[in-house]
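In what follows, a structure is listed as structure tokens, so that the remarks can point back to it.
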Amino acid sequence: MSDKLIIFDTTLRDGEQSPGASMTKDEKVRIAKSLERMRVDIIEAGFPIASVGDFESVQAVANAVTESRVCGLARALDNDIDRAGDALKGANASRIHTFIATSPIHMKMKLRMEPDQVIENAVKAVKRARLYTDDVEFSPEDAGRSDPDFLCRILEAVIDAGASTLNIPDTVGYNLPQQFGSLIHSLRERIPNSDKAIFSVHCHNDLGLAVANSLSAVLNGARQVECTVNGLGERAGNAALEEVVMAVRTRQDLFTCDTTIDTSQIVSASRLVSGITGFAVQPNKAIVGVNAFAHESGIHQDGVLKNRETYEIMRAEDVGWNTNRMVLGKHSGRNAFRSRLEELGIEFDSETELNATFQRFKDLADKKHEVFDEDLQALVSDSKPVESERVRLISLKVCSETGETPLAAITLSVDDEERQVEMMGSGPVDAAFKAIEEIVKSKTELQLYSVNNITSGTDSQGEVNVRLERGGRIVSGQGADTDIVIASARAYIHALNKILMPVDRAHPQV
Ligand code: KIV
Ligand code: ZN
């Protein structure tokens, strides 16, 4: 059996299915470039049939990424497969991932199909996908609650039809580690042609067991794990990439395989994903939480100073902590700026966009002498307009004084028309948001507002996350500035521009 464990990242597809985590095309390309830097083997870039925007995002990722294989998701339907095949045309290496539900409840209630019809559709889908690429993955959705005998039948048939990866999803996060490991073991034993395919797993975290189930599957012969950065994903999320990778790397005494992930890229990918989606990482989150390698108690600190292995099983620098380095300063020129951004996978559509971002960098470097990669990422997130941006911040002035009610005066451009208002609020941020709402009248509800410093020190940029809801649709917006009221207004406007974009988007599993 192979000693290579394939890492299939689905942050851009399953991760994006988390309410509020939707990303623009440009944001997806930046995350894909960071996954490529991490040497992720396969990047699931999206569900191309979902909408024109989703198709274009998969296409953009396929064109931008050269080292990782790019995958598109398709239900077992002709149009889905054709759309995925078309979106992936520009990829260096592509994969189509097609799926159909196999559990009794899904077949009866969702698909309204008989088991034999499900097998027929699966086989047809795999054959059609093979017309576009040699690399086809098949998933029996809700495998974790499917009849193992039926799984054996359908999986044998799709291997014969040309599927080379069989992905076993625990779609609703119902399985326990030992049970899930045994399922993988028995499928590999019982399916006569199982040696012709790689077994993969895709675990959801509803019982907090996604990583444990994935690892148990690997111990039982799975050689691909589907996962997401920070464990982002539907409901409680998917298996966290960083946890799977580090568990396998750290416990090489137990695993007979390993990934080829460059683990030093883990923390920066985690920050990028949380910055773009607005999903904060909890401080005590394994590997990527700020406290993951921090030692508070005197006894621990003493132990670690004497010999780090007393309390540490991994080295912080191996996953990319403490690599914060000053990359640019106020004297850095446009070329240095552009080339550092290129190293971070950030490209500009036009010289005008580059110039505007460079000007913002200069303003930032005047206020804050050391500019780190994290500052640049935030600056770019903030400077890249969402597609079809309707609202733009022209100026903002706030007055805040002890004993006085704060006041915000704002000028916005809405559909290219300038509008100005003054509003009072309980604080300067509240006044600014009320002023924006007075002009835009979006009737959205603010679900979340948070501020974090991007680097340390009071001269750091504040990064603001805002989550807005309207009619059941949730979007998030981010803004960064050394002035947190301005960062807040930018974040609010960023989210507004997303919510004002009309959407007509299909969900793959509904
Ligand atoms: O959770 C799931 O079953 C999925 C499939 C589309 C693989 O995301
Ligand atoms: Zn899933």
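The values are calculated or read from the model by the stated rules, or taken from the named source; none is laboratory data. Just so it is clear, the model here is predicted, and its values are computed rather than measured. A quick note on method: Cβ atoms are made from the backbone with ideal geometry, for glycine too, and the neighbour counts reach across all protein chains shown. Keep in mind that these areas ignore ligands, DNA and RNA; they rest on the heavy atoms of the full protein, side chains included. Shrake-Rupley method; radii C 1.70, N 1.55, O 1.52, S 1.80 Å.
Working only within segment 138-176, note down all residues that are among the hydrophobic types (A, V, I, L, M, F, W, C), surrounded by fewer than 24 Cβ atoms within 10 Å (Cβ to Cβ) and within 12 Å of ligand 2 (Cβ to nearest atom). The answer is Val172, and nothing else.
For segment 324-423, the strands (runs of 3 or more DSSP E) that sit wholly inside it and include 3 or more residues that are closer than 30 Å to Glu437 by Cβ are 391-399, 407-414.
For every residue, the table says whether it meets (1) acidic (Asp, Glu); (2) away from ligand 2 (no atom under 16 Å from the Cβ).
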position: Val61; (1), (2): no, yes
position: Ala64; (1), (2): no, yes
position: Asp78; (1), (2): yes, yes
position: Ala93; (1), (2): no, yes
position: Phe99; (1), (2): no, no
position: Pro104; (1), (2): no, yes
position: Ala125; (1), (2): no, yes
position: Ala129; (1), (2): no, yes
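For segment 383-407, taking the residues that are within 24 Å of Gln359 (Cβ to Cβ) and of a type in the set (Gly, Ala, Ser), the one that is most open to solvent (accessible area, probe 1.4 Å) is identified as Ser388. Quick check on Val245: is it in the same structural domain as Ile154 (by TED's automatic domain parsing), open to solvent by less than 40 Å² (accessible area, probe 1.4 Å), more than 16 Å from ligand 2 (Cβ to nearest atom) and within 19 Å of the chain's Cα centre (by Cα)? When the stated conditions are applied, Val245 passes them.
Yes/no per residue for (1) touching a strand residue (DSSP E or B) at 6+ places or on another chain (Cβ under 8 Å); (2) open to solvent by 30 Å² or more (accessible area, probe 1.4 Å); (3) modelled with pLDDT under 95; (4) farther than 30 Å from Asp116 by Cα:
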| residue | (1), (2), (3), (4) |
| --- | --- |
| Leu12 | yes, no, no, yes |
| Ala21 | yes, no, yes, yes |
| Lys25 | no, yes, yes, yes |
| Ser57 | yes, no, no, yes |
| Leu73 | yes, no, no, no |
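Any residue at all in segment 252-262 that's at pLDDT 95 or above, touching a His at 6+ places or on another chain (Cβ under 9 Å) and away from ligand 2 (no atom under 16 Å from the Cβ)? No. Selection of segment 187-204 for residues being over 15 Å from Arg145 (Cα atoms) and part of a helix (DSSP H, G or I) yields Arg188, Glu189, Arg190, Ser194, Asp195, Lys196.
The C-beta contact set for segment 223-236 (first residue over 15 Å from Val70 (Cα atoms) and within 11 Å of ligand 2 (Cβ to nearest atom), second residue open to solvent by 10 Å² or more (accessible area, probe 1.4 Å) and not in a loop (DSSP other than H, G, I, E, B), distance under 7 angstrom, 6+ apart or interchain) comprises Gly233/Gln17; Glu234/Gln17. Only a single item in (1) outside any helix (DSSP H, G or I); (2) open to solvent by less than 10 Å² (accessible area, probe 1.4 Å); (3) more than 20 Å from Ala240 (Cβ to Cβ); (4) away from ligand 1 (no atom under 16 Å from the Cβ) is not met by Val40, and it is number (3). Of a type in the set (Gly, Ala, Ser), open to solvent by 80 Å² or more (accessible area, probe 1.4 Å) and at pLDDT 95 or above: does that describe Ser426? Yes, satisfied. Taking the criterion of being more than 15 Å from Cys152 (Cα to Cα), surrounded by fewer than 23 Cβ atoms within 10 Å (Cβ to Cβ) and touching a residue at least 60 places away in the same chain (Cβ under 8 Å), no residue of segment 177-210 qualifies.
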